[in-house]
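Asker: A single structure is presented below for examination.
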Amino acid sequence: MTDIIDGDAIAAATRDELSGAVETLADAGHRPTLATVLMSPDPASETYIAMKQDDCEELGIGTRDIRLDTDASAEALFETIDELNEDDSVDGLLVQSPVPDRVDYREVVERLDPRKDVDGFHPENIGRLVAGYPRYKPCTPHGIQRMLAATGIDTAGAHAVVIGRSRIVGKPMANLLFGRGPGGNATTTVCHSHTDDLAAKTRQADILVAAAGVPELVDGSMIQEGAVVVDVGINRVQREGESELVGDVEFESAREVAGAITPVPGGVGPMTRAMLLYNTTKAASRQSGIDADLPALDV
Ligand code: GUN
């Protein structure tokens with residue numbers, strides 16, 4: 001039987017575990033607070049921001065929802081970031097990407113106070129992750145680590161194959177998987193758009209993480225019998241005149257072969273959102289100096 005990994009349920013359990021820490025901080029007079037900045041009319045970004053805001057409010061985390069006009073200058077965005085960096089009532093801060101083309105997202109990320117960078121995108125936080133002492137693990141790879149741990153999947157000694165080398169998922173995912181400690185110690189291969197004979201590599205995976213952003217790139221023929229398949233893709237495609245959401249994995253053929261698989265939606269997505277709550281609570285504890293007794297989610 002193939003195990004369909006229930007990201008919604010594991011995310012709900014994660015939020016439950018976090019609620020005590022949020023309450024401890026609020027009782028001690030420091031309500032964790034996340035500021036989100038949106039500078040794009042992109043409907044998907046609007047949806048993501050709304051979900052992040054709702055998640056926070058449901059858990060008792062305060063929010064600041066800052067919107068900048070798409071035509072605003074890069075300087076206006078930087079000034080907004082500077083103000084939020086200085087604002088002691090803001091613990092975590094993120095600027096939703098994409099930003100308009102004329103704004104360099106790298107400069108945006110570098111402008112963030114790394115102590116408030118709950119996405120874990122700032123070069124200082126990436127550097128710490130690679131060096132092996134992360135401050136905030138990026139939410140998607142951290143959520144995947146947590147999901148694997150909650151499903152009882154041991155990464156140590158496994159051959160993990162990651163498809164994709166993005167700053168947000170592929171690179172940090174590979175680092176976490178081959179890093180020392182729980183949720184790591186895997187032998188890790190990273191594949192990307194220049195990889196020759198992708199299927200030959202993916203068939204060697206005990207754990208396969210598909211994060212290429214290519215709809216249904218991976219089908220059942222590319223998966224080793226019994227492998228754990230983690231699908232990071234969220235792709236909107238048109239099929240027979242209908243809009244459909246598909247992952248980077250062709251679910252139906254993959255589930256015939258895989259030992260366990262994450263669905264889209266309801267797999268990685270909810271875990272990403274849950275780990276943003278974790279990082280924001282962690283930021284509040286660090287910034288306030290209040291020991292919130294954070295649950296041991298940092299696999
Ligand atoms: N755009 C797509 N995913 C993300 C994310 O995780 N964080 C931010 N800031 N922007 C995104």
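Asker: For ASP91, are the conditions met, namely being in contact with a helix residue (DSSP H, G or I) (Cβ under 8 Å, 6 or more places away or on another chain) and open to solvent by less than 20 Å² (accessible area, probe 1.4 Å)?
Answerer: yes
Asker: Could you grab me the full set of residues in region 29-54 that are at negative phi and open to solvent by 60 Å² or more (accessible area, probe 1.4 Å)? Full working, then the answer.
Answerer: In the first step, residues of region 29-54 are kept if they are at negative phi; the result is 30-54.
Selection gives ARG31, PRO41, PRO43, GLU46, THR47, TYR48, ASP54.
Asker: Any idea how many residues of region 145-177 are open to solvent by less than 40 Å² (accessible area, probe 1.4 Å) and hydroxyl-bearing (Ser, Thr, Tyr)? Working first, answer last.
Answerer: Kept after step one, since they are open to solvent by less than 40 Å² (accessible area, probe 1.4 Å), are these residues of region 145-177: 145-148, 153, 155, 158-164, 169-170, 172-177.
After this cut, where a residue has to be hydroxyl-bearing (Ser, Thr, Tyr) as well, the list is 155.
Residues that pass the stated criteria total 1.
Asker: Six or more apart or on different chains, Cβ atoms under 6 Å: show the pairs whose first residue is in region 31-43 and more than 20 Å from THR281 (Cβ to Cβ) and modelled with pLDDT of 95 or more and whose second is in a loop (DSSP other than H, G, I, E, B) and within 13 Å of the ligand (Cβ to nearest atom).
Answerer: LEU38/GLN96; MET39/VAL99
Asker: Which residues, taken from region 69-102, are in contact (Cβ under 8 Å) with a residue 60 or more places away in the chain and either within 13 Å of the ligand (Cβ to nearest atom) or in contact with a strand residue (DSSP E or B) (Cβ under 7 Å, 6 or more places away or on another chain) (or both)?
Answerer: Restricting attention to region 69-102, the residues satisfying the condition of being in contact (Cβ under 8 Å) with a residue 60 or more places away in the chain are 88, 91-92, 94, 96, 99-100.
Across region 69-102, the qualifying residues are ASP91, GLY92, LEU94, GLN96, VAL99.
Asker: Further question: Just to verify a result, which residue in region 110-150, among those that are outside any helix (DSSP H, G or I) and of a type in the set (Gly, Ala, Ser), is nearest to the ligand (Cβ to nearest atom)? Working first, answer last.
Answerer: Going through region 110-150, the residues outside any helix (DSSP H, G or I) turn out to be 112-122, 132-138.
Restricting the remaining residues to those that are of a type in the set (Gly, Ala, Ser) gives 120, 132.
Working: GLY120: 9, GLY132: 23 Å.
Top of the filtered list is GLY120.
Asker: Sticking with this one: Here is a list: VAL264, VAL268. Which entry is open to solvent by 30 Å² or more (accessible area, probe 1.4 Å), among the β-branched types (Val, Ile, Thr) and either under 23 Å from THR47 (Cα atoms) or at pLDDT below 95 (or both)?
Answerer: Details: VAL268 fails: open to solvent by 30 Å² or more (accessible area, probe 1.4 Å).
After ruling out the rest, the residue left standing is VAL264.
Asker: Got at least one residue in region 4-16 being among the polar types (S, T, N, Q) and open to solvent by less than 20 Å² (accessible area, probe 1.4 Å)?
Answerer: Keep residues of region 4-16 that are among the polar types (S, T, N, Q), which gives 14.
Adding the requirement that they be open to solvent by less than 20 Å² (accessible area, probe 1.4 Å) leaves 14.
Within region 4-16, one or more residues are among the polar types (S, T, N, Q) and open to solvent by less than 20 Å² (accessible area, probe 1.4 Å).
The values are calculated or read from the model by the stated rules, or taken from the named source; none is laboratory data. Not measured: the values here are computed from a predicted model. A quick note on method: Cβ atoms are made from the backbone with ideal geometry, for glycine too, and the neighbour counts reach across all protein chains shown. Side chains are part of the model used for accessible areas, which takes the heavy atoms of the whole protein and leaves out ligands, DNA and RNA. Shrake-Rupley method; radii C 1.70, N 1.55, O 1.52, S 1.80 Å.
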